[in-house]
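> My structure is below; once you've seen it, I'll send some questions.
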Amino acid sequence: MIHRYWMPALVGCGVLGTAAVAMAAQQSEAERGAYLARAGDCVACHTAPEGKPFAGGLKIESPFGTIVSTNITPDPEAGIGDYSRDEFAAALREGKRADGANLYPAMPYPSYAKLTDDDIDALYAYFMQGVEPVAEKAPESDVSFPFNQRWGISLWNWMFTDADTFAPTSGQSEQVARGAYLVQGLGHCGSCHTPRGVLFQEKALDDSDDAYLTGETLEGWWAPNLRGGGGDDNGGRGLQNWSADDIVAYLATGRNDHSAVTGEMTSVVANSTLHLGDEDLHAMAAYLKSLPRAADGDKKTGSETTPEQTEKMLTAADVEGKPGARLYLDNCNACHFANGQGAPQVFPSLVDNELVNADDPTGLVHVILAGARLPSTPGKPEALAMPDFGWRLSDEEAAQLAAFVRGAWGNHGGKVTADQVAEVRKALPEDRQSSKPDFVD
Amino acid sequence: MSSELKNASRRGFIKGSLMMIPAVTVGGGVSLTAAAAEPPANLDDYQPTFFDADEWRFILAACDRLIPSDGEGPGALETNVPIFIDQQMEGKFGHAADWYMKGPFHPGVSPLFGYQSPLAPREVYRKGIAATGRYCQDNHGKGFAALDVDTQTQILTQLEKGEIEFDDVSSGQFFAFLLQNTKEGYFADPIHGGNKHMASWKFIGFPGARASYLEWVEQHNKAYPLGPVSLTGERG
Amino acid sequence: MAKTNPHVDVVLIGLGWTNSIMGMEMTDEGLSVLALERGPDQDTVPDFAYPKMADELTYGVRYQLMQRPAKNTLTVRHGVRDLAVPYRSLGSFLPGNGVGGAGTHWNGHTWRPQPQELRLKSYVEETFGADTIPEEMAIQDFGVSYDELEPHFDFFEKVAGIAGKAGNLNGEIQEGGNPFEGWRSDEYPMPPMKRTLNDTLFRDMATEQGLHPFPMPAANASEAYTNPYGMQLAPCNYCGFCERYGCLNYSKSSPQTCVLGALKQRKNFAYRANCEVMKVNLASDGKTATGVSYIDENGDEVIQPADLVIMGAYSLHNVHLLLLSGIGKPYDPISGEGVVGKNYAYQMNGGATLYFKDKEFNPFIGAGANAEVLNDFGVEQIDFGQAGFIGGSYFSAAMTNGQPIRNMPLPKGAPSWGAQWKQAVQETYGHTMTIGSHGSNMSYRDCYLDLDPTYTDDHGRPLMRMTFNWKDNDVRMTQFMKQKIDILSKALKPDDYKLSFKDFNSQYDVRPYQTTHNVGGAIMGTDPTSSVLNRYLQTWDVHNVFVMGASAFPQNIQYNPTGLVGGLTYWAAKAIREQYLPNPGPLVQA
């Protein structure tokens, strides 16, 4: 729960439309800035549900109170229209408001500190010229003492941030360096995927530290280890088994041959990565693949099954006395099939799946209860969806089912209790879409 | 016209001039926290909402003749078929809500032209049960439900063949609805009130709402082994 | 007072297969396009989601996804002098409702016609002599050739993601495919579906009989697939809830799974559900359309100005709308003059049910287009002179579902209720298979559509009236097929079997489901005195109105219509884009 305030709430897909801005050589400074704003996913936090783009007002709950994102349109009163270029740069890189006050570090300025001057210029041009001004101030954050004392953040900044702009590591190819810049800087991937320390700081802001991008659990959802293991396939799970093309497909379309996006990452794909150019996505993938990975410190072993055993049992429909397996046949097999592998690009594989095998089953249980929907993307326009099963499964049944999936086909996710399911169920929004049969007769 | 179209066509679209209807709708009034099924009603305790006590006795007796409990497999009464029929009377079917029910009516045309009566099915039931009751009183001295099984069977057969004629309703149509709805209640998902505990599905080997058989397509000539599942997740 | 909307370049009437395709094609040209759909909006999740669809009563029996006769239906009679009465409850055919139309609830049999079917009249005259055609028969040529349509068939099959095996690749006959099909420029985009027991029994028997079995061309995906629009299909799981249902698994090709996700991304496209077009509005000279009038979701009348009107409603509704809008001269069966409503035709089907005591078919394991097929008795394979009829048929052994309310074939003599019925149900369920004959239906002078003089829809407009009955030519055709299927049935050595074919006493019966392949009424052709549309599906009389769909067929082909409808739609789209838009006007000079 404590990490909640780092996370944007899910913003509706396609707030600004979906056309990617081409990275043409002739594009204007403001157009280049628009593209960079996509890479930085500014819109996700700085837009309220149904609100005007960049007008702020998104409420980000935290244990200390509600942080409300600000209006960053060029309106001089309500927004940042009277910011000079240097004031704008200070906000991005150092988390300093024009009046000198500190921004709450929900703003990923520790990552944006990596931005080059050129890119700051482009972003400034975009936010001043390319964004529609909105003369409506976002509500103030409601943060209680002592967290409302913004000066305290200075100390935090001094301890955990680093104002140096990005510099490539020696020997990095141009592509990997570009990828590193995007991942560490605008992409601020570490905000979710790097473990946090006791003061909620990211343990590393770049790959100079082995902890960088090794995964973190946020509100019960596992944000996986993104380190690709130097490109070697050493039999682990997750990104190190994905090719660079798999990573690109995932970021561009929310789906690939192995998996499909769920949870907060759905918004990241919809608002940010699907808008990025192919070259940049390949650069990010190349960088992630290049990161060395410890000899699978996070890989658990000791699964009681093999893929073949589970597939054989489900294919024979031999589930007498195995309630989890029976529930799988009655609810999941239609799309994910007896081999658990679903279908490439359409239905995610459950075998070795990060969400399925996470230490905390919250994400898996959430998807079982509430379903999930992929964003419609230019490359893959179909907003494929999994229906919700919360109306059909009791807490006990959902726990049996989730535990089965976490232990089948060589998976090693561990047990799930009905109480855990009940917790997840309680937190589901009431107005979510449901496919429960609704009979008029 | 021609140049107008050409110019208009090539001017591109005006952003925002067209309002998109969202691709998805959120269903209203759906309980999102209730899991699984409510247990099916007990036929003996059930209070019909459409049928009165006399009519209900007819429905129970007639259903018991159409799908009796004799022999293998459940009958209409064990599977709550009468409850299904009672609920159908109150729904769209009973009211003919989806049907074209404007006049003029020509009930005398050939049956090839389908339903041509001004009566909604619930009215056919009401009139049909009453007329059958009068026929039984007049010819056998008792109501239908009080007759012996063979006589009941004989009367239903006469209705089916149109051998008994009523003044205000087609006996054949009345029987056709009764038989159709009885089979529906027997085989439909339990969510509709009949097919209690999926007993008819277990009887014939239909897996119900499982709808997932990729691995079984090529397992030829081998009876599918797993019991049914219902819409609400009841397992049998 | 009706309100007037801002002008759009193109208004599409209906949003099923044809107008989803037209939406893509017209937005490709940069035109602003608005689709008006009479029924509700619907998509895979939540509307067709698992397990909601697996409900035979709601969808299979009560027709939840079909149009409600209460709102709009038609009247039916057998002959021009008879009284027509309303089709009050659905039976014989099931027009789809809502976004996706019939494309959501079909089975997915996706055929191209045989080349000669598109020039049937010329073919018969050239091959068998003009006197082979009975006097009352009204068959015509489509006015477009197979070779012209081939690239469009091919593209539609790629968009819809058809699973099958080619039998004729650029003229070379292929093992395992249909040797009697027209040439194909490419293989099907997906391999055939898996084979069920009935498929293999039928295939082996037919091969032994010297016939040429092949798998049904299926719009049910056999593997994961991405189409040219980037839309995706998932492998079919043979759920057994296909026809009358939306696909719960993204496996059945439909506007939803194959087009609409891509179309909805386009900023120059919009659609409005629950908006029913009342009529096409014409300019004062009657030569061009100015747009349409419709009733919106609040029941208010709206005028929608547009430069181009494309009708893509269900075939019967296209004809109804033409009649109500005064486009084209209504057909008069007595004088033979007029064109709108002319040549309504249906489909002549029959079949056998075979009972095998010891075979387990698991009938609930099925898909809409899962079938093994024979085309040995097709239109191009039969000597009409010798056989004494014009037409043909394909045979299929299909296993689509085991839904027990409707799919409960019982042996001859089994009672329909009582203890013995129950016993027969137990003994028979799961032990039967079928062989179907799906045959052509010719058009006739007195089979047509016009406006009913008495009955009205819920907006007070006259209902359409269908005048139709079976004719001897087509009964002779189906009786010919009956003999063949009798032989094939016996060869399978069932414990029992029964045949069901129309005979010379058969009259059209609206009660049992037969097929939703209602064709004709707005037919295409080469001459404005005998057709409503020219070869580009453009109305002869009002050049900015185009009419898609099977209403354009001058008689019915022996196959399910969707493949031809899809090919014709892309053909018409190409003509609009390449010929009409640069120079709007009649594309064929009358």
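> Here's a check for you: in segment B:195-216, which residue that is facing another protein chain (nearest Cβ under 8 Å) and part of a helix (DSSP H, G or I) is surrounded by the most Cβ atoms within 10 Å (Cβ to Cβ)?
B:Ser200
> Which of the residues spanning segment C:414-428 are within 7 Å of chain B (Cβ to nearest Cβ), over 17 Å from B:Gln158 (Cα atoms) and free of Cβ contacts under 8 Å to residues at least 12 places away in the same chain?
Passing the criteria: C:Ala419, C:Lys422, C:Gln423, C:Gln426.
> Please state which one of A:Val261, A:Val319, A:Val269 is farther than 22 Å from A:Arg425 by Cα and touching a Gly at 6+ places or on another chain (Cβ under 8 Å).
Exactly one residue qualifies, and that residue is A:Val269.
> Would a scan of segment B:110-119 turn up a residue that is in contact with a strand residue (DSSP E or B) (Cβ under 7 Å, 6 or more places away or on another chain) and not hydroxyl-bearing (Ser, Thr, Tyr)?
Yes.
> Considering only residues that are in contact with a Cys (Cβ under 9 Å, 6 or more places away or on another chain), crowded, with 20+ Cβ neighbours inside 10 Å and farther than 20 Å from A:His275 by Cβ, which ones fall in segment A:44-81?
Answer for segment A:44-81, where residues must be in contact with a Cys (Cβ under 9 Å, 6 or more places away or on another chain), crowded, with 20+ Cβ neighbours inside 10 Å and farther than 20 Å from A:His275 by Cβ: just A:Gly56.
> May I pose another question? With A:Ala343, A:Ala358, A:Ala334, A:Ala338 as the choices, which residue is closer than 20 Å to A:Asp246 by Cβ and at pLDDT 95 or above?
Just a single option satisfies the conditions, and that option is A:Ala343.
> Then there is this: If you scan segment B:126-163, which residues turn out to be under 23 Å from the mean Cα position of the chain (by Cα) and outside any helix (DSSP H, G or I)?
Of everything in segment B:126-163, those that are under 23 Å from the mean Cα position of the chain (by Cα) and outside any helix (DSSP H, G or I) turn out to be B:Lys161, B:Gly162.
> Give the residues of segment C:317-348 that are in contact with a Ser or Thr (Cβ under 6 Å, 6 or more places away or on another chain) and closer than 26 Å to C:Arg476 by Cα, sorted by residue number.
C:Asn343, C:Ala345, C:Gln347, C:Met348
> Follow-up question, since we're still on this one. Do you know which of the residues in segment C:219-234 that are more than 24 Å from the chain's Cα centre (by Cα) and within 7 Å of chain A (Cβ to nearest Cβ) is surrounded by the most Cβ atoms within 10 Å (Cβ to Cβ)?
Residue satisfying both the conditions and the ranking: C:Ala224.
> Only residues that are closer than 30 Å to C:Tyr250 by Cα and outside any helix (DSSP H, G or I): list them for segment C:137-173, please.
C:Gly161, C:Ile162, C:Ala163, C:Gly164, C:Lys165, C:Ala166, C:Gly167, C:Asn168, C:Leu169 - these are the residues of segment C:137-173 that are closer than 30 Å to C:Tyr250 by Cα and outside any helix (DSSP H, G or I).
> Between a first residue in segment C:150-169 that is on the phi > 0 side of the Ramachandran plot and a second residue that is assigned to a helix (DSSP H, G or I), which pairs have beta carbons less than 8 Å apart while being 6 or more apart in sequence or on different chains?
C:Gly161/C:Cys258
> Within segment C:27-42, how many residues turn out to be more than 9 Å from chain B (Cβ to nearest Cβ) and within 15 Å of C:Lys574 (Cα to Cα)?
Residues that pass the stated criteria total 1.
> Of the residues A:Leu239, A:Leu288, A:Leu213, which single one is touching a helix residue (DSSP H, G or I) at 6+ places or on another chain (Cβ under 8 Å), in a loop (DSSP other than H, G, I, E, B) and crowded, with 22+ Cβ neighbours inside 10 Å?
Sole residue among the options that is touching a helix residue (DSSP H, G or I) at 6+ places or on another chain (Cβ under 8 Å), in a loop (DSSP other than H, G, I, E, B) and crowded, with 22+ Cβ neighbours inside 10 Å: A:Leu213.
> Restricting segment B:217-236 to residues that are polar (S, T, N, Q) and within 7 Å of another protein chain (Cβ to nearest Cβ), which is farthest from the chain's Cα centre (by Cα)?
B:Asn221
> Can you tell me which residues in segment C:178-205 are assigned to a loop (DSSP other than H, G, I, E, B) and within 13 Å of chain B (Cβ to nearest Cβ)?
Hits for segment C:178-205 are C:Pro192, C:Met193, C:Lys194, C:Arg195, C:Thr196.
> Residues in segment C:235-265 that are part of a loop (DSSP other than H, G, I, E, B) and facing chain B (nearest Cβ under 9 Å): how many?
Qualifying residue count for the region: 8.
> Name the residues in segment B:52-81 that are free of Cβ contacts under 8 Å to residues at least 40 places away in the same chain and at negative phi, would you?
Matches in segment B:52-81: B:Asp52, B:Ala53, B:Trp56, B:Asp64, B:Pro68, B:Ser69, B:Asp70, B:Gly75, B:Leu77.
> Also, quick follow-up: Of these, C:Val76, C:Val45, C:Val61, which one is under 26 Å from C:His438 (Cβ atoms), aliphatic (A, V, I, L, M) and within 14 Å of chain A (Cβ to nearest Cβ)?
The unique qualifying residue is C:Val61.
> What do you reckon, is A:Ala317 among the small types (Gly, Ala, Ser) and within 14 Å of chain B (Cβ to nearest Cβ)?
yes
> Quick one: count up the residues across segment B:165-194 that are surrounded by 20 or more Cβ atoms within 10 Å (Cβ to Cβ), away from chain C (no Cβ under 12 Å) and assigned to a loop (DSSP other than H, G, I, E, B).
2
> With (1) under 20 Å from C:Ala70 (Cβ atoms); (2) assigned to a helix (DSSP H, G or I) as the list, and B:Tyr115 as the residue in question, which single condition is left unmet?
(2)
> Could I ask something else about it? Considering only segment A:103-120, I want to know if a residue exists there that is surrounded by fewer than 19 Cβ atoms within 10 Å (Cβ to Cβ), in a helix (DSSP H, G or I) and in the same structural domain as A:Lys203 (by TED's automatic domain parsing).
So far as segment A:103-120 goes, yes, one or more of its residues are surrounded by fewer than 19 Cβ atoms within 10 Å (Cβ to Cβ), in a helix (DSSP H, G or I) and in the same structural domain as A:Lys203 (by TED's automatic domain parsing).
Let's see how each residue does on (1) of a type in the set (A, V, I, L, M); (2) more than 21 Å from C:Pro584 (Cβ to Cβ):
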residue: C:Ser284; (1), (2): no, no
residue: C:Thr290; (1), (2): no, no
residue: C:Asn298; (1), (2): no, yes
residue: C:Met311; (1), (2): yes, no
residue: C:Ser325; (1), (2): no, no
residue: C:Gly328; (1), (2): no, no
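> Considering only residues of segment B:91-149 that are over 22 Å from C:Asp458 (Cβ atoms) and among the hydroxyl-bearing types (Ser, Thr, Tyr), which is farthest from the other protein chains (Cβ to nearest Cβ)?
This residue is B:Tyr135.
> All but one of (1) more than 21 Å from C:Gly566 (Cα to Cα); (2) more than 14 Å from chain A (Cβ to nearest Cβ) hold for C:Gly16; which doesn't?
So C:Gly16 meets the others, but not (1).
The values are calculated or read from the model by the stated rules, or taken from the named source; none is laboratory data. Everything quoted here is computed from the prediction, not taken from an experiment. Please note: Cβ atoms are built from the backbone with ideal geometry, for glycine as well, and neighbour counts cover all protein chains shown.
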